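Single-structure report; data block below.
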Amino acid sequence: MPNTAYILLILLLPLFGFVLLGLFGRRYIRGFSGVIGAALLFVSTLCALYVAYNYFSGNAGMPALRRTYTLFGATWLSFGRDLSIDMGILIDPISAMMIVVVTVISLMVHVFSLGYMKGEERYSTYYAFLGLFTFSMLGLVLSSNIFETYIFWELVGVSSFLLIGFYYDRPTAVAAAKKAFIVTRFADLGFLIGILILSFQAQTLDFGWLINNLSSFEHSPFNEPPVFLGLPLVDWGLILVFIGGAGKSALFPLHIWLPDAMEGPTPVSALIHAATMVVAGVYLVARLYPLYTLTRDVQQVVLYVGAISALLAAIIACTQTDIKRVLAYSTMSQIGYMMFALGTYRLFPPSLVDPKIGFIGSMFHLFTHAFFKALLFLCAGVIIHLVHSNEMKDMGGLRKRLPLAHICFLIACLAISGIPPFSGFFSKEDILSAAWRADKFIYAIALFTSGLTAFYMFRLYFSVFWNKPATGHPHAQPLVESIPLVILAIGAAFAGLIPFSHLLIVGGHVHSTIGRNAVPPVLIALLGIGIAAWLYYKQSDRPQKAAAAFRGLYTAAYHKFYIDELYLFVTKKIIFNCIGRPAAWIDRNIVDGLMNGLAVATARISATIKGIQSGKVQDYAWFFFVGIAGLAILFIYIVR
Amino acid sequence: MNLSLLIILPLLTILLLAFCRSQSQVRWVSFIGVTVQLVLSLVLLALYWREHAVHGATRFLFESRQSWFSALNIEYHVGVDGISVAMILLTAMVMVGAVLVSWNIGAQVKEFFVLLLLLSAGAYGFFISLDLFTLFFFLEVSVIPKFLLIGIWGSGPKEYAAMKLALMLMAGSALTFVGVLGVYYQAHSFDLLRMFSEGAMPLSVQRFFFPFLFVGFGIFSALFPFHTWVPDGHSSAPTAASMFLAGISMKLGGYGCLRVAIALMPDAAREYSPVIVTLATIGIVYGAFATMMQKDLKYINAYSSVSHCGFILLGAGMLTPTALTGAYLQMISHGLMTALFFAAIGSIYERTHTRLVERLGGLQKIMPFIATIFVIAGLCSLGLPGLSGFVAEMTVFMGSWQRSASGYRLATVLSCASIVITAVYILRATGQTLMGPVKDPQYNSLTDAKWNERLTGILLVAGILVIGTAPFWLTELINK
Amino acid sequence: MPVIPLHYILFLSTALFFIGMYGLFTRRNMITMLMSVELILNSVNINFVAFNKYLYPENLEGLFFSLFIIAIAAAEAAVAIAIIINLYRNIRSVDVEAADDMKF
C-alpha cells in the first residue's frame, strides 16, 4: 500500500528533525534550524493531508474501515505467549483526523516560532524538542497497541517537560516543568495499572483484540462479581485508564500543572497545552470508547469529572489577570466539555437521536478547539511580545497597534463562545444536545459554563483591545507570524462546515442544527458577551464593584480554590514528612543501626575475650596443662 | 571459543601493568586491555548467536571442563548461555567506562588499575562458571579488591564504608557457602549442569538451604534489610569502583539468586515466594522514599540502586517466566544506567568538589555534555520508553501481574507506584543540580567533559538506547 | 639388701615432676623457671632409668634415652640462657611478667 510509506514519513520526519537538530543543531546548523524543522514538518503535513483525504474519500459509500498496518513483523517486546507490545499503526476516523490536527497545528507553531523565537540562544534545541514532541504525539494517535500508546504517552510527557523548562535558568520554569511531569506521572501510574488489568482480562494488548475480547457477551468481564467498592475489575481498569487520561488532559483534580505550564514559550503553549497534548486523554477514552459505552458506572465518572472540570475552570478563568492563565483555564474548561460528552452514551433514553452524538460532538470540538485555541495562544504571543508583559493591566487599546491580531482574536473568541456561523457553534451544539438527552442537570451546568466562557473570553478581549484609548501605529509584524494566524483564523471560522458525523460514523445521521436546542446556548453566550462589554469596554470601576459583590467566591476563585495549596500540603507535610523522612531516618538509624550494633557487639565480645591472650608465658603453660589433663581424662576414663 | 580467555585477559593485563613505568603507560595498557575484553565479548555474542542457531537444543555452549580437586568433586567447569553472554557484555562495557573515568586518579595509579582489573576477572569468572565451587571462588575473588579500592581511593567516611561493605558482603558469602555445602551434601557434586538435569532435591533439604543461598546472594543484591552497605559503600567509593559495584557487583547477587538458588531449589522458592515478594516490595518502595530525602548526589543514586535492584528480586520472587525475564532485563538495564549515572556524578564531583545538591545549580549551561548524560541516566531510571529502564520494568510488572492472588497484586501495584516517587527524586536532583541559576560563580570557569568522559558517556548511552529501542534481540537472547 | 620397690622411685620422680611444674608455673624469675624445667627433665630421667632397671634389666634403651635427655637439656639450658640474656638487654628485667608484649 503506498499509503504505508506516507504514514511512515509523517511519523519519521519530525523524529529525524529531532535527531538532526539535537546532535548537530547547536554547533553546525544554528540559525537555519528553524527552516529545517519547519520544512520537515511541512512535508509531514502534506503527507498527513493526503493520507486523510485518501482515507475519508475512500469512505464514500463504504463502511468506515479500520485499517491496521502492523510494522515490524516481529514483536517489539514480548511478555509471553500472547501478550506483547507490537509496534503497529492504526488508521481509523479519529486517528486520521488527529494526524491532520497535530501536523497542521504543529506546522503553524513551527512557522510562527521562526519569528517569535528568533535570536534565542538555544534556537536549534527548541526546534529539536518541537520535532520530538510532534513525533511522540503522532505516534500516540497512530498506535495500534495500548502499550505502544503508553510509550508515546510518556515520550509526550518528557517533551512537554523539556519544553516547559526550556528557559531553564528561571526557577519558576523548572518548578513548573517538574510539577507537570510529576502530576502526569502520577496519572500515568493509573494508566499503567489500567493497562495491566485490561490486558490480563483480555489476554492481549492490541486495541482491536482488546475491544473485541472485552465486549463479548458470553463470559463478559463486566458481569463479574465486584472486586472493590462494588465494581468489577474491568471497570476499575477502565477508570484507571481514564485517570491516566485525566492527568494528561488536566481535568479536576489533576489539573494543577496546566496553569503553571504557561512558563514555557508561548508557541509551545499553543501547540502542547492547547491543541494537542492535553487532548491526548480525550483521545485515549475515544479510542477505547466501545468499552466505555458498556458500563454505566464508569460513564458516570467520566461525565461528572468532565463537567466539574469545565465549570470549575470557567469560574477560575473569570478572575485571572494573566492572559496565558486565562487561556489555560479556558483550555481546561473546553477539555472538560470534550470529556463529559464522551460520558453520555449510556445515559440516553431510547430516542431517535443516535447516542453516539456525544462521541461525535467531542471529536468535533477537539478539532475546532485546536484551531481557535492555538490561534488564541499565538495572538497572545504577539501581544506579549509587544507589551513585554503577561498581565492584562499592562494591555488595553491595542486594536490599532495589532490590527491582524485583533481580528483573529475576535474570530477565535466568537468561535469559542459558540456564536454561529463560527466553528465552535457547531461542535458545542452537538455536545449540548448529548448533554440534554443524557442528564438535564449536566446540561444546565454545561449551559451555564458556556455563558461563563463567553464572559471571560470577551472580558479578555475587551481588556486587551478596548478598555483604554486606542493609539499608535500598526506594529510591524513579521510575515512568518502573520501567516499562521490567518490560516488558523480561517480554520476557526469555517471548520464548522465539515460534516463530521458523516466522517466519523457509518451512516452518521444528518441532524439539523437549526432547531430549538441551538438557541439557548447562543442566547446565553450573547448575554455573557454583553456583560463583559458592559464591564470592560471602557475603563471604569464596574469590575471592582462586581468583584466586591461576589467577594467570597471571587477570592476563592482568584486563588484557584486553594487546590494548589492543598496539594502542597499533602505532598510536603504528609508524604515528605510523614513517609519520606521517617523512611530515611529508619534506614539510617534502625536498619543501619542494627548492622552497626552487630559490629559493636562483636567488638565488645572480642574485647572481653582478648584477655586470654595475656602475653604471659605461665598463663599459656597453664592452658597447656589443663588441656592435656582434660584430654587425658577424657580418653582414659570416658571414651573407651 | 575458549571461555577461559575472559579470565586470562584481565590477568594478563595485570601482569603487563607490573612492567609499566609511568602513570600514562599504566592507563593506556589498562584501557587497551579492557577494550580488547569488550571486543572479545562482542565476538562471544556473535559466535554464540551463530552456534545457537545451529545447535538449538543445548542450553550451554562453549563448555570446557577440567578437574581441579577430584577428591571433593570440584572441577573448573565453564560454559555460557544467553544470559551469561548478556552479563559478560554488560561487564565489559561497564569496565571500559570505569577505566576511562579513572583517567585522572593521581595516587598509586598502578595499584588502582590492578585492583579494578582483578574485580573484573572475578566477575567474568562468576558468569561463566558452571561448577558451584568455581562460582563461589570467583565471587570471593571480587570482594577483597572492593575493600581496598574504597578504603584507599575513596572519599568521605571511606574506611568505615569499606569495612562495612566488606564485612556485609563477606557475611553474604558465608551464608552462600553454607548453602553450597548443603547442596554438596545432598548431591555429592558441585556440577550445576548435572543438577539442572537431575530432578529436584527433596523438599526438606530445599527448605532448609534455600534461605541460606537466597539471602546470601540477596545481600549482594541489596535485599531488605541487609541493604545498608549500599548507600555508604557506593557513595564513599571512587567513581570507577562505584560503577563496578552498582553496575556489576549487585548483579552477581541477582544472577546467583536466579541461577543458583531458584534454579536448584524451585519448590522451596515457590514456598518462600511471599516472603521474597514482600521483602522486594519493601525494598522498592522504602528505598524510593528514602532516596527522596537524600541530599548528596551519590547517596541519591545509591538508594535508587537499592530501589531498582528490588525489581530484580521482585521478578525473582514472582517466579513467572515473564517476571524472570524481566529480572534479567533489569539486571542489564540497571547495570548500564547506574554506571552512567555514577560516571556523570563523578565528573561533576571532580570539577566542583561537592556532591551536595543544594550547593550545585545551573550546571547545564556550563557543562552541557555531562548534563545531557545526567538527564539520560535520570530518564532511564524513571523508566522512560526508548531507554532500557522501561523495557525491564514493564516486563517485571506484566510478569508480576500474572499472579492473581491479592497479596501479589498489591505488591505489584505498590511497585508500580514507585515510578512516581522515582520521578520525584530524579527530577528534584536534575532540577536542582542542572537547571536554575548558577549557584556559585566559581562554577562558571569549569570545563565540560573531556575525551575520556565523553567516550564513557557515549558507550553507555549507546547500550541503553539499543536496548531501549530494540529490546527484542535481548529478550530473545535471554529466553534462549 | 632388700630391693627398693619400684613405686617408691616413681613417687620420687612424680613428686619431682610436679615440684618442677609448680616452679614453672609460679616462679617469676626466669632463671628459677629454667631450674624448674631442669627438675622436670631430671624427674623424667629418673623415671626412664627406674623403668629400665626394674622392668627390662637386659636392655639399655632407657639409659640411652636418659643420656639423650641430659644432652638436650644442656643444649636447651644454653639456648634458654642466651634468650634470657637478650631479653634482659631489652627489658632490663628477668621477671617473666615483664615480658608480656605478645599480648592482645
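General remarks:
- Of the residues making up region B:395-411, those that are in contact (Cβ under 8 Å) with a residue 24 or more places away in the chain, within 11 Å of chain A (Cβ to nearest Cβ) and buried (at least 24 other Cβ atoms within 10 Å of the Cβ) number 6.
- Taking region A:560-587 as the range and being of a type outside the set (Gly, Ala, Ser), within 30 Å of the chain's Cα centre (by Cα) and facing chain B (nearest Cβ under 8 Å) as the test, the residues that pass are A:Phe576, A:Ile579.
- Restricting the search to helices (runs of 4 or more DSSP H) fully inside region B:150-247 and requiring at least 2 residues that are within 18 Å of B:Tyr303 (Cα to Cα) and modelled with pLDDT of 90 or more gives B:158-187, B:203-220, B:229-236, B:239-244.
- Number of the exception - A:Leu21 against (1) over 27 Å from A:Phe367 (Cα atoms); (2) at pLDDT 85 or above; (3) surrounded by fewer than 23 Cβ atoms within 10 Å (Cβ to Cβ): (3)
- Put simply, of A:Ile586, A:Ile529, A:Ile574, A:Ile638 the only residue that is of a type in the set (Val, Ile, Thr) and closer than 30 Å to B:Met168 by Cα is A:Ile586.
- Residue check, B:Gly436 in contact (Cβ under 8 Å) with a residue 40 or more places away in the chain, at the interface with another protein chain (Cβ under 7 Å from one of its Cβ atoms), in contact with a Pro (Cβ under 9 Å, 6 or more places away or on another chain) and not hydrophobic (A, V, I, L, M, F, W, C): yes
- Selection within region A:293-346 - small (Gly, Ala, Ser) and more than 23 Å from A:Gly230 (Cβ to Cβ): A:Ser309, A:Ala310, A:Ala313, A:Ala314, A:Ala317, A:Ala328, A:Ser330, A:Ser333, A:Gly336, A:Ala341
- C:Glu76 passes every criterion in (1) of a type outside the set (Val, Ile, Thr); (2) closer than 30 Å to A:Lys610 by Cα; (3) in contact with a Leu (Cβ under 9 Å, 6 or more places away or on another chain) apart from (2).
- Candidates B:Asn444, B:Asn452, filtered to the one that is away from every other protein chain (no Cβ under 11 Å), within 25 Å of the chain's Cα centre (by Cα) and modelled with pLDDT under 90: B:Asn452
- Flag for A:Ile590 being under 30 Å from B:Met292 (Cβ atoms), within 13 Å of chain B (Cβ to nearest Cβ) and among the aliphatic types (A, V, I, L, M): yes
- Counted residues, region B:120-135 - those being over 18 Å from B:Phe60 (Cα atoms) and either out of contact with any helix residue (DSSP H, G or I) (no Cβ under 9 Å at 6 or more places or on another chain) or of a type in the set (A, V, I, L, M) (or both): 2
- Take the conditions (1) at pLDDT below 80; (2) surrounded by fewer than 24 Cβ atoms within 10 Å (Cβ to Cβ); (3) under 16 Å from the mean Cα position of the chain (by Cα); A:Ala274 misses just one of them, which is (2).
- Where A:Val100 falls short, out of the listed (1) farther than 30 Å from A:Phe367 by Cβ; (2) at pLDDT 85 or above: (1)
- Region A:304-346, subset among the β-branched types (Val, Ile, Thr) and either free of Cβ contacts under 8 Å to residues at least 24 places away in the same chain or out of contact with any Phe, Trp or Tyr (no Cβ under 7 Å at 6 or more places or on another chain) (or both), residue surrounded by the fewest Cβ atoms within 10 Å (Cβ to Cβ): A:Thr321
- Among residues of region A:172-208 being polar (S, T, N, Q) and outside any helix (DSSP H, G or I), the one that is nearest to the other protein chains (Cβ to nearest Cβ) is A:Gln203.
- From the options A:Ala603, A:Ala621, residue that is within 14 Å of chain C (Cβ to nearest Cβ) and in contact with a Leu (Cβ under 9 Å, 6 or more places away or on another chain): A:Ala621
- Residue list for region B:379-394, restricted to those being more than 8 Å from chain A (Cβ to nearest Cβ), over 14 Å from A:Gly157 (Cβ atoms) and not acidic (Asp, Glu): B:Cys380, B:Ser381, B:Ser388, B:Gly389, B:Ala392
- Per the conditions (1) within 14 Å of chain B (Cβ to nearest Cβ); (2) among the aliphatic types (A, V, I, L, M); (3) in contact with a Leu (Cβ under 8 Å, 6 or more places away or on another chain); (4) surrounded by fewer than 21 Cβ atoms within 10 Å (Cβ to Cβ), the sole criterion not satisfied by A:Ile211 is (1).
- None of A:Ser143, A:Ser136 is within 11 Å of chain B (Cβ to nearest Cβ) and of a type in the set (S, T, N, Q) except A:Ser136.
- Among the residues examined, A:Gly580 does not qualify as without any contact (Cβ under 8 Å) to a residue 24 or more places away in the chain, farther than 30 Å from B:Pro225 by Cα, part of a helix (DSSP H, G or I) and not charged (D, E, K, R).
- With respect to the conditions (1) more than 18 Å from B:Tyr124 (Cβ to Cβ); (2) outside any strand (DSSP E or B); (3) modelled with pLDDT under 90, B:Leu47 falls short on a single one, namely (1).
The values are calculated or read from the model by the stated rules, or taken from the named source; none is laboratory data. Just so it is clear, the model here is predicted, and its values are computed rather than measured. Please note: Cβ atoms are built from the backbone with ideal geometry, for glycine as well, and neighbour counts cover all protein chains shown.
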